[in-house]
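Heads up, the thing below is written out as C-alpha cells.
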Number of protein chains: 2
Amino acid sequence: MTQTLEPVVTTGRTPQQRIDAWLEEFETALATLDIGRATNAFLTDSYWRDLTAFTWNIKTVEGHEQISDMLTARLADTCPSGFGTTEPATDDGDDVASAFISFETAVGRCEGHVRIRPDDNGVDKAWTLLTTMQELKGFEEKRGATRPLGAVHGSDPDTRSWAEKKADEERDLGRGTQPYVLVIGGGQGGIALGARLRQLGVPSIVVDRHDRPGDQWRKRYKSLCLHDPVWYDHLPYLPFPDNWPVFAPKDKIGDWLEFYTKVMEVPYWSRTTCLSAAYDETAGRWTVEIDRDGERMTLYPTQLVLATGMSGKPNIPTVPGQDVFAGEQHHSSQHPGPDDYAGKKVVVIGSNNSAHDICKALVDNGIDTTMVQRSSTHIVRSDSFREIALGGLYSEEAVQSGMTTKKADLTLASLPYRIMHEFQIPIYDQIREKDKDFYDRLEKAGFKLDCGDDDSGLFMKYLRRGSGYYIDVGASELIANGTIKLVQGQLDHLTENTVVLADGTELEADVVVYATGFGSMNGWAADLMGQEVADRVGKVWGLGSDTTKDPGPWEGELRNMWKPTQQPGLWFHGGNLHQSRHYSLYLALQLKARYEGLDTPVYGLGEVHHLS
Amino acid sequence: MTQTLEPVVTTGRTPQQRIDAWLEEFETALATLDIGRATNAFLTDSYWRDLTAFTWNIKTVEGHEQISDMLTARLADTCPSGFGTTEPATDDGDDVASAFISFETAVGRCEGHVRIRPDDNGVDKAWTLLTTMQELKGFEEKRGATRPLGAVHGSDPDTRSWAEKKADEERDLGRGTQPYVLVIGGGQGGIALGARLRQLGVPSIVVDRHDRPGDQWRKRYKSLCLHDPVWYDHLPYLPFPDNWPVFAPKDKIGDWLEFYTKVMEVPYWSRTTCLSAAYDETAGRWTVEIDRDGERMTLYPTQLVLATGMSGKPNIPTVPGQDVFAGEQHHSSQHPGPDDYAGKKVVVIGSNNSAHDICKALVDNGIDTTMVQRSSTHIVRSDSFREIALGGLYSEEAVQSGMTTKKADLTLASLPYRIMHEFQIPIYDQIREKDKDFYDRLEKAGFKLDCGDDDSGLFMKYLRRGSGYYIDVGASELIANGTIKLVQGQLDHLTENTVVLADGTELEADVVVYATGFGSMNGWAADLMGQEVADRVGKVWGLGSDTTKDPGPWEGELRNMWKPTQQPGLWFHGGNLHQSRHYSLYLALQLKARYEGLDTPVYGLGEVHHLS
C-alpha cells in the first residue's frame, strides 16, 4: 500500500512529475496483480472508462468496488505494461493534473487519458481514467511506412492489374467468399466501419437500399446542411480539406461519402435490401436473405452490424382522421423540401431539428407554415454551440493550437457519462447568459423552452434520448417574429382539410408533415430478425439517466452501441459523424479480433432493462 | 556598401544569427532602393530564382549583372518588406547557412529560401535565393478560418440549395457566363490548376476529350503504375491518405482524379474536343471552337492554358514498309496491354519507360517479345531512386522528421537549374556504386547504358528532354536474363511480317509497338492555333543545357512552362504530379492577378531560340 498518513504536497511538483509518479504506482500494482493496490490508486469517487482495452467491451466502472471487480475478472489476462505519457502533462486547475497516456496489453497497443487529484491525505489518485485499444499486435493496419507498394516490382505470376483483381474480388464476394461481417446500412456509420474493416483485412460487405453511397443525405429535404461543424465531422483516414464548408450541404456530404467509399475501396452493395436474418447457434453464423438490385441472394456472415441510423424507424403517431385527410401526409424523413407546396398550407407536427429546418425552408419560399409544438424543446444557437460547446476541441482555433482530431476524440471520451452533465451545465449557463435576449424573444412568441431536465443542454439530450433539440440556424428568429406560425398542443384528429388539436384548435392544412421522431434502433432488428431477437437485445441508445425518455437504471454507457449485445453476432453502430469516426475503431477491432480467432472474453455484458 | 576589408568570421555565430544579419542587410538595401547594395548582398556566382514574386514570371537571374538588371526593372514596383525566417536556420556545412523565409510585396504574401556563404572577405553573401508568391493580398483563398459557412444561417432571399446553385452555375457557364480561363486537357495538370482557379474564384472550364476525369490514366496499358512515389504525388488541398500505395496503379489514380475533380468542384467538361482557337488582338480574348459531346460551341476565354501533357504529341517514325506490314502497329500511348497478344511475336521499338513497362507485361504473360534499343538509356532502380534521389524530401522518413510537402517543394525549387546537376551527380555516383552488379549484368546482356551527358542522371534528363530513362521496376532483370529479347539497331524498314534493322537484322513480328516518344507540347498549339502561333511561342520544355536533345543557348528555366509566352493569353501547364501540384500555384496566381486587373509587368519574357 502506498497510502501514507503524511500528505504528499502537490505544490512544487510539476503535473508531469505527478502523473509519472501515479503511472509508476499504478503500473507496479497491475504488474504484481495487486488488485487492492491498483484499486487504491483511484479516488473513492472515480471512473474508469474502457474501450475494449481491458474489457473487450465499451464499459465504465465506477468507484472502488466496480474497479476491483473488473480487475479481478480481467487483469491477469490483459497484462498491461509500458505506461507513459504521450505528451507533457497539464495542470487543469483545482489540483487536477491530466495527461494523454499510452500502454500495451498482451494483445494490443493502447492509448488513453488520466486525470489525477489528491485525496484527503494529499495522495494523488485517479479521478478519471480512459483506456482504449488502438491496434492489435500482429494485425496492424498497413499505413505510412507499411502502406502497400501498389506496383508489383519484379515478376509476378499473377499478371492481373489492380483493377482486374478488384473486379475479380467483387465478383467473388458473397458468392465464392462469404463476408465475415455484414454491415446493414451504408450511411456515414456503415461507410466508416467498412473502411476500417477493409484496412484491417476483414472480409466484409456494406449493403444499402439506396442507388448510391451518399443518397442517405441527398434524398433528404433540400435545405439540409450538417448541424455539426466540419472539425467534428472528419471520417477516418481522410480528413476533409481545409476549404470544406463549416456546415456541409447535404448533397456535398453525399458526394464526399460516395468518393470516400470508392477511394477507401469499401465493398459496398447499393440497391440492396435485407429481407430477413436468422442466427444459427450451432454454426455460429447468420443466414441473411437479401435482394440485390432485383436478385435474391443468401449471405452467411458470422457478424451482423446494424448501421441503419441511430434514429431508428420513423415514428408516425396514429390519430383518427388520417384516412379521411384529403391532402398529403408524410414523415419528416420523407419530406422533399418546399418546391411542390407553393400556395399550400403546411402544418408541421413537432419542434425539433427537422421540424425547424423544414418550416424555415417552407416560409423562405413564401409558404404558409404552422409548427405544432407538443412539448418543450431545447434550442441552442449554432454560433454559440460552435464557440462555447465545441470550440475547445473542434474548431479552427483548436486546430491552430495543436489539437488533433484524435486528441479531441480521446478528450471527449475521457469524460465519464456519469458526471458529464457536470461539465455541460456551466456551458449552457454561459450560453443562456450570452443569448438571453434571443431566448426571451422566443418565449415571448409562445415557444416552450427547456435545457434538459438538469439544464445540461444539447449533448446530454443527444446521448440520453437522441432528440428534443434544435441547433438554431435561423428558424427561431422566424418563430419569434411570427413568420413561422406557432401553435402549442397535442394532436387530436384530422378532418378532410384540417388538423385538430386536443384543445379544439383547428388548423387548415393541405399538407401535414410528421416531424415526430424515430423509434429505437432495435425496431430494425425486430423487422429483420423477429421480435424475439429484438427483445433479447433490448433498447438501443440512452444511458439510463432516469431523465425524460431515458429511464433508469443507470447503465453507464450507450445501450448496445459498438459493443457485444445479448444476441451473439449482432452489433449496433451509428450516430453522428464524430461517433461514426471514433467508435468505428473499437467496433472494428472487436470484429477483427474475433475474425482472427483471438480470445475476447467480454466483461460486463449489458443487461436488458427496457425492450425498446 | 557593407563590404569591409575586415573578414566577418562565421564561426561563433549561429546560422540563425548569420541569416538574420543577411536578411536585415538585404531588406535595408531593398527598402532604400539601393540596387548596388542589394546586388552586393549576393556572391559573384549566385542565383536568384523568382516564381512570380518580383518578376511576374518564372525566372532565374544569375550573377550580379542579371540581378541588378532585374532589380532595376522591378524593385520600385515590388516594394518588398518584412523579411524573416519561418523556421530556425540550419547549418548546411561548408560554411553554408540556409533558411526558409517569408516576406511581403506591394501585392502579395511571399515565401522563399536562402543559402548564404562567406565571400572571399568573409562577408556572408547569398549563394542562392528563391522568392515565391504565395497569395495575393485582398484575394486570399477561403480556407481554414475563412472557409465558407456552407449552410445559410438566417433567412436568404436565394432559396436554392447548394446543389441547385451548382447546377444553375453549370448550365450557365460557357453560355451566359464566359470562362476567363479555358484549360485544355484534364489530366492531373488541368485538374490541379482547375482546383486552384476554383478556389481563387476565377471563372474557368477544364475541357477534356475523355469520357470522365481519370481516363487519361485508365486508358493506358493495364500494368501501368506511377513511377514516382506517393509523397511526391499529392495534389493541392487534399493529400492522399496514409494508406495510399507507394506507387498507385493507373486505375486507382484515375479514380482519385475523378473524385478530386468533383470534391473540389472543378468545372470540368468531359467528352469535349477543341477544334480551333484564334486570338483576337483587339478584344484581347480567344475564340475557341469546341465539340462538347456532339454539340458545337464557341467559347471566348481571355486566357488559354494548354495542359495536354508535357509529353506532347505521339512521335511515330516513318519507315518504308509500314503500309505492307500485315500485323498490328501502334504507338505506345495506344498500347492496351498484353491480353490480346497471346501466341504472337511482338517487337517494341524503343527502350525508355513505356517500352520497358510494355515489354515486361508482355513477357509476364508468356508472349515472345523483342526490344529494339536505338540509343543508350539511363536506368535507375526504383528502390535506389526512391531512397537516394527522393528520400530526403519525399518519403515516409522525411514526413516523420517534419518535412512537409510545401517545404519539400520549396527546397527542390530553391536549387537553381544552372547548378542542379552538381547536386545530382553525386547522387547517381552513389546509385551506380550501390547497384554496380545490376548495371554490370545489364551491360553484359548488351544493353547500352548512360547516365546523362554529364552523369547527372534521371532528374536532369527529365528537365532537359523529358525522355531517355527507365525507372526499373523489374524489366531490367528480364532483359539481363534474356526473357525480354534485346536487339541493338536502327529501324530500316518493315516487310509483311518482319521488322528489318539497318544492319540487316530481321525480326519476325505480328505486332510492332512504337515506344518512340513524343514531340514538343507546341505541336498541340500548332494543331489548334496554326503553325504561326506555335512558331511564335517556340519550343516548350527543356533548359537550353546544350546536352543531347536540349540545345542551347542556356535559358535558365523550363521553356514556356507556367509563365507568360510570346503569344498573349497562351500558357502551358503540365508535367508530373509534383509539378502539377507546385507550379499550378504560380500559374493560378498569374491568372488571378490578370482576372482582377492587377498590373502584372513581366520581367524577362523568354526569347524563342527553337521552334520545336
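Residues B:A509, B:A593, B:A534: which one is open to solvent by less than 30 Å² (accessible area, probe 1.4 Å) and touching a helix residue (DSSP H, G or I) at 6+ places or on another chain (Cβ under 6 Å)?
Details: B:A509 fails: touching a helix residue (DSSP H, G or I) at 6+ places or on another chain (Cβ under 6 Å); B:A593 fails: touching a helix residue (DSSP H, G or I) at 6+ places or on another chain (Cβ under 6 Å).
Every option except B:A534 fails the conditions.
Answer with yes or no whether A:F26 is within 30 Å of A:Q590 (Cβ to Cβ), open to solvent by less than 40 Å² (accessible area, probe 1.4 Å) and either part of a loop (DSSP other than H, G, I, E, B) or at pLDDT below 95 (or both). Walk me through how you get there before you give the answer.
Working: within 30 Å of A:Q590 (Cβ to Cβ): yes; open to solvent by less than 40 Å² (accessible area, probe 1.4 Å): yes; either part of a loop (DSSP other than H, G, I, E, B) or at pLDDT below 95 (or both): no.
Spelling it out, it is not the case that A:F26 is within 30 Å of A:Q590 (Cβ to Cβ), open to solvent by less than 40 Å² (accessible area, probe 1.4 Å) and either part of a loop (DSSP other than H, G, I, E, B) or at pLDDT below 95 (or both).
Based on what the data block shows, is A:I290 surrounded by 15 or more Cβ atoms within 10 Å (Cβ to Cβ) and in contact with a Cys (Cβ under 6 Å, 6 or more places away or on another chain)?
Numbers: surrounded by 15 or more Cβ atoms within 10 Å (Cβ to Cβ): yes; in contact with a Cys (Cβ under 6 Å, 6 or more places away or on another chain): yes.
It is true that A:I290 is surrounded by 15 or more Cβ atoms within 10 Å (Cβ to Cβ) and in contact with a Cys (Cβ under 6 Å, 6 or more places away or on another chain).
In the list A:R175, A:R171, which residue meets the criterion of being in a loop (DSSP other than H, G, I, E, B) and over 17 Å from A:H582 (Cα atoms)? Steps first, answer last, please.
Numbers: A:R171 fails: in a loop (DSSP other than H, G, I, E, B).
A:R175 is the lone residue from the list that is in a loop (DSSP other than H, G, I, E, B) and over 17 Å from A:H582 (Cα atoms).
Does region B:559-567 contain at least one residue that is of a type in the set (F, W, Y) and part of a loop (DSSP other than H, G, I, E, B)? Working first, answer last.
Quick first cut of region B:559-567, residues of a type in the set (F, W, Y) only: B:562.
Among the residues that remain, those that are also part of a loop (DSSP other than H, G, I, E, B) are: B:562.
Taking every residue of region B:559-567 in turn, at least one turns out to be of a type in the set (F, W, Y) and part of a loop (DSSP other than H, G, I, E, B).
Pick from B:E281, B:E265: which is within 14 Å of chain A (Cβ to nearest Cβ) and either within 30 Å of B:V500 (Cα to Cα) or of a type in the set (D, E, K, R) (or both)?
Numbers: B:E281 fails: within 14 Å of chain A (Cβ to nearest Cβ).
Checking each option against the conditions leaves just B:E265.
From the list A:G189, A:G194, which residue is in contact (Cβ under 8 Å) with a residue 60 or more places away in the chain, away from chain B (no Cβ under 11 Å), over 30 Å from B:I479 (Cα atoms) and in contact with a strand residue (DSSP E or B) (Cβ under 6 Å, 6 or more places away or on another chain)? Explain how you work it out, then say what you get.
Numbers: A:G189 fails: in contact with a strand residue (DSSP E or B) (Cβ under 6 Å, 6 or more places away or on another chain).
Only one candidate passes the filter, namely A:G194.
Only one of these is over 21 Å from A:P229 (Cα atoms) and open to solvent by 30 Å² or more (accessible area, probe 1.4 Å): A:K434, A:K444. Name it.
On the way: A:K434 fails: over 21 Å from A:P229 (Cα atoms).
Testing whether each residue is over 21 Å from A:P229 (Cα atoms) and open to solvent by 30 Å² or more (accessible area, probe 1.4 Å) leaves just A:K444.
Please determine, by comparing only the residues of region A:251-282 that are more than 16 Å from A:G189 (Cα to Cα) and without any contact (Cβ under 8 Å) to a residue 12 or more places away in the chain, which one is least open to solvent (accessible area, probe 1.4 Å). Before you say what the answer is, go through the steps one by one.
Of region A:251-282, the ones more than 16 Å from A:G189 (Cα to Cα) are A:251-252, A:263, A:271-282.
Imposing the further condition that a residue be without any contact (Cβ under 8 Å) to a residue 12 or more places away in the chain reduces the set to A:252, A:280, A:282.
On the way: A:K252: 16, A:D280: 62, A:T282: 137 Å².
Across region A:251-282, the extreme among qualifying residues is A:K252.
Is it the case that some residue within region A:483-490 is within 14 Å of chain B (Cβ to nearest Cβ), open to solvent by less than 50 Å² (accessible area, probe 1.4 Å) and touching a residue at least 12 places away in the same chain (Cβ under 8 Å)? Walk me through it before giving the result.
Step one: filter region A:483-490 for residues within 14 Å of chain B (Cβ to nearest Cβ), giving A:483-484.
Subset that is open to solvent by less than 50 Å² (accessible area, probe 1.4 Å): A:484.
Add one more test, that the residue is touching a residue at least 12 places away in the same chain (Cβ under 8 Å), and what stays is A:484.
Yes - at least one qualifying residue is present in region A:483-490.
So which of B:L611, B:L577 ends up being out of contact with any strand residue (DSSP E or B) (no Cβ under 8 Å at 6 or more places or on another chain), closer than 22 Å to B:N353 by Cβ and aliphatic (A, V, I, L, M)?
On the way: B:L611 fails: closer than 22 Å to B:N353 by Cβ.
Answer to the check: B:L577.
Given the criterion under 20 Å from B:Y586 (Cβ atoms), in contact with a Pro (Cβ under 7 Å, 6 or more places away or on another chain) and either touching a residue at least 60 places away in the same chain (Cβ under 8 Å) or open to solvent by less than 30 Å² (accessible area, probe 1.4 Å) (or both), identify the matching residue among B:Y232, B:Y180, B:Y221. Walk me through it before giving the result.
On the way: B:Y232 fails: in contact with a Pro (Cβ under 7 Å, 6 or more places away or on another chain); B:Y221 fails: under 20 Å from B:Y586 (Cβ atoms).
Of B:Y232, B:Y180, B:Y221, the one residue that is under 20 Å from B:Y586 (Cβ atoms), in contact with a Pro (Cβ under 7 Å, 6 or more places away or on another chain) and either touching a residue at least 60 places away in the same chain (Cβ under 8 Å) or open to solvent by less than 30 Å² (accessible area, probe 1.4 Å) (or both) is B:Y180.
Scan (1) closer than 15 Å to A:T516 by Cα; (2) open to solvent by less than 70 Å² (accessible area, probe 1.4 Å); (3) among the aliphatic types (A, V, I, L, M) for the single condition A:I316 breaks and write down its number.
(2)
Looking only at residues that are without any contact (Cβ under 8 Å) to a residue 60 or more places away in the chain, of a type outside the set (G, A, S) and within 29 Å of A:Y237 (Cβ to Cβ) in region A:104-126, which one is farthest from the other protein chains (Cβ to nearest Cβ)?
Pass one, region A:104-126, residues without any contact (Cβ under 8 Å) to a residue 60 or more places away in the chain: A:104-106, A:109-110, A:120.
Retained after the next criterion (residues that are of a type outside the set (G, A, S)): A:104-105, A:109-110, A:120.
Checking the rest, the ones that are also within 29 Å of A:Y237 (Cβ to Cβ) come to A:104-105, A:109-110.
Working: A:E104: 21, A:T105: 24, A:R109: 17, A:C110: 20 Å.
Looking at residues that are without any contact (Cβ under 8 Å) to a residue 60 or more places away in the chain, of a type outside the set (G, A, S) and within 29 Å of A:Y237 (Cβ to Cβ), I get A:T105.
Of all residues in region B:405-430, which are within 14 Å of another protein chain (Cβ to nearest Cβ) and among the β-branched types (V, I, T)?
Filtering region B:405-430 for residues within 14 Å of another protein chain (Cβ to nearest Cβ) gives B:405-406.
The one that is within 14 Å of another protein chain (Cβ to nearest Cβ) and among the β-branched types (V, I, T): B:T405.
Can you report the number of residues in region B:127-165 which are away from chain A (no Cβ under 14 Å), more than 24 Å from B:Y595 (Cβ to Cβ) and either open to solvent by less than 30 Å² (accessible area, probe 1.4 Å) or acidic (D, E) (or both)?
Step one: of region B:127-165, the residues away from chain A (no Cβ under 14 Å) are B:127-134, B:136-139.
Pick out the ones that are also more than 24 Å from B:Y595 (Cβ to Cβ) and you get B:127-130.
Among the residues that remain, those that are also either open to solvent by less than 30 Å² (accessible area, probe 1.4 Å) or acidic (D, E) (or both) are: B:128-130.
Total meeting the criteria: 3.
Would you mind listing the strands (runs of 3 or more DSSP E) fully within region B:207-313 where at least 3 residues are closer than 28 Å to B:R465 by Cα? Step through it out loud before you land on a result.
Values: elements: B:272-280, B:285-292, B:295-299, B:303-306.
Answer list for region B:207-313: B:272-280, B:303-306.
Filter region B:204-215 for residues that are open to solvent by less than 40 Å² (accessible area, probe 1.4 Å), away from chain A (no Cβ under 14 Å) and not small (G, A, S); which is farthest from B:R171 (Cα to Cα)? Explain how you work it out, then say what you get.
Pass one, region B:204-215, residues open to solvent by less than 40 Å² (accessible area, probe 1.4 Å): B:204-208, B:210, B:213-215.
Still in the list and also away from chain A (no Cβ under 14 Å): B:204-208, B:210.
Add one more test, that the residue is not small (G, A, S), and what stays is B:205-208, B:210.
Details: B:I205: 12, B:V206: 15, B:V207: 15, B:D208: 18, B:H210: 20 Å.
The qualifying residue farthest from B:R171 (Cα to Cα) is B:H210.
Out of region B:376-402, which residues are open to solvent by less than 40 Å² (accessible area, probe 1.4 Å), touching a helix residue (DSSP H, G or I) at 6+ places or on another chain (Cβ under 7 Å) and within 25 Å of B:A355 (Cα to Cα)?
Selection gives B:H378, B:I379, B:V380, B:S384, B:F385, B:I388, B:A389, B:L390.
Anything in region A:216-227 that is within 11 Å of chain B (Cβ to nearest Cβ) and among the polar types (S, T, N, Q)? List them, or say none.
Once the filter is applied, which keeps residues that are within 11 Å of chain B (Cβ to nearest Cβ) and among the polar types (S, T, N, Q), region A:216-227 yields only A:S223.
Is there a residue being charged (D, E, K, R) and either within 29 Å of B:P568 (Cβ to Cβ) or in contact (Cβ under 8 Å) with a residue 24 or more places away in the chain (or both) anywhere in region B:316-326? Before the answer, list the steps.
Here is the first cut: in region B:316-326, the ones charged (D, E, K, R) are B:323.
From what's left, either within 29 Å of B:P568 (Cβ to Cβ) or in contact (Cβ under 8 Å) with a residue 24 or more places away in the chain (or both): none.
Among the residues of region B:316-326, not one is charged (D, E, K, R) and either within 29 Å of B:P568 (Cβ to Cβ) or in contact (Cβ under 8 Å) with a residue 24 or more places away in the chain (or both), which makes the answer no.
Just to check your reading of the model, which residue among B:E433, B:E477, B:E506 is under 23 Å from B:V348 (Cβ atoms), acidic (D, E) and away from chain A (no Cβ under 14 Å)? Break it down stepwise before answering.
Numbers: B:E433 fails: under 23 Å from B:V348 (Cβ atoms); B:E477 fails: away from chain A (no Cβ under 14 Å).
Residue meeting the stated conditions: B:E506.
When the residues of region B:81-126 are filtered to those that are in contact with an Asp or Glu (Cβ under 6 Å, 6 or more places away or on another chain) and among the charged types (D, E, K, R), which remaining residue is least open to solvent (accessible area, probe 1.4 Å)?
Filtering first and then ranking leaves B:K125.
Could you please let me know if B:Y514 is of a type in the set (F, W, Y), surrounded by 19 or more Cβ atoms within 10 Å (Cβ to Cβ) and within 14 Å of another protein chain (Cβ to nearest Cβ)?
no
Is region A:284-296 home to any residue that is among the acidic types (D, E), within 14 Å of another protein chain (Cβ to nearest Cβ) and at negative phi?
The first filter runs over region A:284-296 and keeps only residues among the acidic types (D, E), leaving A:289, A:291, A:293, A:295.
Narrowing further to those that are within 14 Å of another protein chain (Cβ to nearest Cβ): none.
No.
Could you please give the count of residues in region A:349-367 that are more than 10 Å from chain B (Cβ to nearest Cβ) and assigned to a loop (DSSP other than H, G, I, E, B)?
Final tally of qualifying residues: 4.
Mind counting the residues in region B:121-152 that are out of contact with any strand residue (DSSP E or B) (no Cβ under 9 Å at 6 or more places or on another chain) and closer than 21 Å to B:D91 by Cβ?
The number of residues fulfilling the criteria is 3.
Taking region B:228-249 as the region of interest, how many residues are more than 8 Å from every other protein chain (Cβ to nearest Cβ) and within 30 Å of A:E140 (Cβ to Cβ)?
Quick first cut of region B:228-249, residues more than 8 Å from every other protein chain (Cβ to nearest Cβ) only: B:228-229, B:231-236, B:239-240.
Imposing the further condition that a residue be within 30 Å of A:E140 (Cβ to Cβ) reduces the set to B:228-229, B:231-235, B:239-240.
Adding up the residues that qualify gives 9.
The values are calculated or read from the model by the stated rules, or taken from the named source; none is laboratory data. This is a predicted model, so every value here is computed, not measured. Virtual Cβ from ideal backbone geometry, glycine too; neighbours counted across all protein chains shown. Please note that ligands, DNA and RNA were not included when accessible areas were found on the heavy atoms of the full protein model with its side chains. Shrake-Rupley method; radii C 1.70, N 1.55, O 1.52, S 1.80 Å.
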